[in-house]
Amino acid sequence: MGRCLVSVYIPTHNRVDLLKRAVDSVKNQTYTNWELIIVADACVDGTVQYCKELSEQDSRIKYLVNEVSLGACNARNLAIQCAHGKYVTGLDDDDYFAQNRLQLFVDNVSDRYSLICASYEVIGGRNFGKRQVISLKDMFKKNCTGSQVFVETEKVLSVGGFDVYMKACQDYDLYLRLIDRYGDALQLAEYTYVVDETAANNRITASSGYAHKYLLFYKKHKHRFSKHDKVVHLIRMYEFLNKKLAIKRAFVFSFYNLKAVLKYFVKREVLKLRGIGNTEA
């Protein structure tokens, strides 16, 4: 594919110490034809000064400043709109890349796939992913791609980028739309992205209101889900609420047989207790 320019974007909000680790992981890439776009979203902790110094030291690094916080989706969209690379990929400010991540993506580009993603590991937790082709049917059940993908910039722009009205699952929503329009995705087996879920990072998935935000994603796409897909998503919301969601409410949302909901959940719990297989929905 040659030495095409790859744009990496990092939205950040008052986490300059973590941001430095993320930036270093981009600077250390074995593939060097990249640009880095950092969007400082209403930062008051020295982030802007740090970005200014970076851009003066390396012309490949650019930064944008939101004086008023517009949120992660707006920040990502702003970076993508300003990207000069044929391909674009994201990085959260509290995560980091393995050194070969961009090279691996570039080496595996194919017209057969709408986007590429890679397996990832969680600090102190599990590793996720394997080499596989991801279809739209797969995405209806769960986000198989993870939080970051490698995709042509024009494709992201053509589907409208991240939905700024989504309060959760913004990445899932975007990648589902990309696969819907452009076809299957490819996931690589190599672990090239490290997720830091330590308590101090305050990820949205750890918040008490995540299930209600997930419900917005469910309502947006449920008209295309099968009955089984609806059950999977509703059970997932149930679990996000620490199993306090009333089964009656799940039944109302799903328009599905309550017995099937209960049977599915009980089966999952039994498998977990026995330690059998991968019980992730």
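The values are calculated or read from the model by the stated rules, or taken from the named source; none is laboratory data. Being a predicted model, the structure only gives us computed values, none of them experimental. Heads up, the Cβs are rebuilt from the backbone with ideal geometry, glycines too, and the neighbour counts pull from every protein chain shown.
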### Query
Filter the range 6-62 for residues that are over 28 Å from L104 (Cα atoms) and of a type in the set (S, T, N, Q); which is nearest to the chain's Cα centre (by Cα)?
N14
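Please go through the range 9-33 and give me each residue that is assigned to a helix (DSSP H, G or I) and either among the hydroxyl-bearing types (S, T, Y) or farther than 17 Å from F150 by Cβ (or both), ordered by number.
First pass over the range 9-33, keeping only residues assigned to a helix (DSSP H, G or I): 16-27.
Once the filter is applied, which keeps residues that are assigned to a helix (DSSP H, G or I) and either among the hydroxyl-bearing types (S, T, Y) or farther than 17 Å from F150 by Cβ (or both), the range 9-33 yields V16, D17, L18, L19, K20, R21, V23, D24, S25, K27.
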#### Entry: Count of the range 10-41 residues which are farther than 16 Å from D58 by Cβ and in contact with a Lys or Arg (Cβ under 8 Å, 6 or more places away or on another chain)
2
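Can you go through K130, K137 and tell me which one is surrounded by fewer than 17 Cβ atoms within 10 Å (Cβ to Cβ) and modelled with pLDDT under 95?
Details: K137 fails: modelled with pLDDT under 95.
The unique qualifying residue is K130.
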### Task
Output the number of residues of the range 185-201 satisfying the condition of being surrounded by fewer than 16 Cβ atoms within 10 Å (Cβ to Cβ) and in a loop (DSSP other than H, G, I, E, B).
2
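Mind listing just one residue for me: the one in the range 96-121 that is among the aliphatic types (A, V, I, L, M) and farther than 21 Å from V23 by Cβ and, of those, surrounded by the most Cβ atoms within 10 Å (Cβ to Cβ)? Step through it out loud before you land on a result.
Keep residues of the range 96-121 that are among the aliphatic types (A, V, I, L, M), which gives 98, 102, 104, 106, 109, 115-116, 118.
From what's left, farther than 21 Å from V23 by Cβ: 109, 115-116.
On the way: V109: 16, L115: 25, I116: 22.
Looking at the filtered set, the residue picked out is L115.
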### Task
Could you grab me the full set of residues in the range 10-39 that are closer than 24 Å to N74 by Cβ and either outside the structural domain of S110 (by TED's automatic domain parsing) or free of Cβ contacts under 8 Å to residues at least 12 places away in the same chain (or both)?
D17
### Task
Among the residues of the range 81-137, write down those that are in contact with a strand residue (DSSP E or B) (Cβ under 7 Å, 6 or more places away or on another chain) and among the basic types (K, R).
K86, R101, K130, R131
### T47 vs. criteria touching a residue at least 12 places away in the same chain (Cβ under 8 Å), in the same structural domain as H84 (by TED's automatic domain parsing), buried (at least 23 other Cβ atoms within 10 Å of the Cβ) and more than 14 Å from A79 (Cβ to Cβ)
yes
### Query
If you scan the range 34-65, which residues turn out to be touching a helix residue (DSSP H, G or I) at 6+ places or on another chain (Cβ under 9 Å) and part of a strand (DSSP E or B)?
W34, L36, I37, I38, V39, A40, D41, I61, K62, Y63, L64, V65
### Summary
Per the filter on the range 142-200, residues over 22 Å from D111 (Cα atoms) and among the basic types (K, R) are K142, K167
